[in-house]
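Working notes for the structure below.
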Amino acid sequence: GGNFAMTKTNDSNSAFAHTSIWESKKFNAGDSSLKKDLVGVTVTHEPLPATASVVVLYRINNETAYTTILTSDVDNDIFKSAINIESSGAALPKDYQEIDFRIESTGGAGGLGAEITGFSFKEEITGKRAYD
């Protein structure tokens, strides 16, 4: 019954330089006593403007630092997936109990930033326990 409006700041005088951060809850597939292996991740976003980027990171169990999985930074791309650590080719984490993710999006040319639209991951429960 009323008028509604939504606005988004676009500072066209300079590039948007702030990094937006999303941190997930801890995922344990319903049971922290079971070990899991991360199979892959996918992040989706609006078409990337020039110089914008999206970075996906993870940490497992009680780690305090995040590890980068992938960086999406190709102009006009709308998603990126990874089945290993992009920078080194190393395997994604294995035999963890809990995992959480962090997504960082940075601005691009003309004040336009990277806009995240989705995130998904797949893990396998390996079923290993200390007494198995």
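The values are calculated or read from the model by the stated rules, or taken from the named source; none is laboratory data. Predicted model only: the values in this text are computed from it and were never measured. Note: ideal-geometry Cβ built from the backbone for every residue, glycine included; neighbour counts use all protein chains shown. Ligands, DNA and RNA are excluded from the accessible area calculation, which covers all protein heavy atoms including side chains. Shrake-Rupley method; radii C 1.70, N 1.55, O 1.52, S 1.80 Å.
The aspartates and glutamates within cross-link reach of LYS128, meaning a Cα-to-Cα straight distance under 16 Å and a gap of 8 or more places when in the same chain, are ASP31, ASP37, ASP95, GLU98.
With only the Cα atoms considered, the stretch 19-103 has a convex hull volume of 99 Å³ per residue.
Accessible area per residue (1.4 Å probe, heavy atoms of protein chains only) ranks VAL41, VAL74 as VAL74, VAL41, with the largest value leading. The residues HIS18, HIS45, sorted by heavy-atom accessible surface at 1.4 Å with ligands and nucleic acids left out, run HIS18, HIS45 from largest to smallest.
Legend: distances between Cα atoms for LYS36/LYS122; LYS94/LYS122; LYS25/LYS80; LYS35/LYS122; LYS26/LYS94; pairs beyond 19 Å are LYS25/LYS80. Charge dipole of the stretch 51-132 (Cα centre as origin; +1 on each Lys and Arg Cβ, -1 on each Asp and Glu Cβ, all else neutral): 200 debye, rounded to the nearest 20.
Backbone phi angles across the stretch 39-56, fed through the Karplus curve with coefficients 6.51, -1.76 and 1.60 (θ = phi - 60°), yield HN-Hα couplings of 8, x, 9, 9, 10, 10, 7, 4, x, 6, x, 3, 6, 7, 8, 10, 10, 10 Hz in residue order; Gly and Pro are listed as x.
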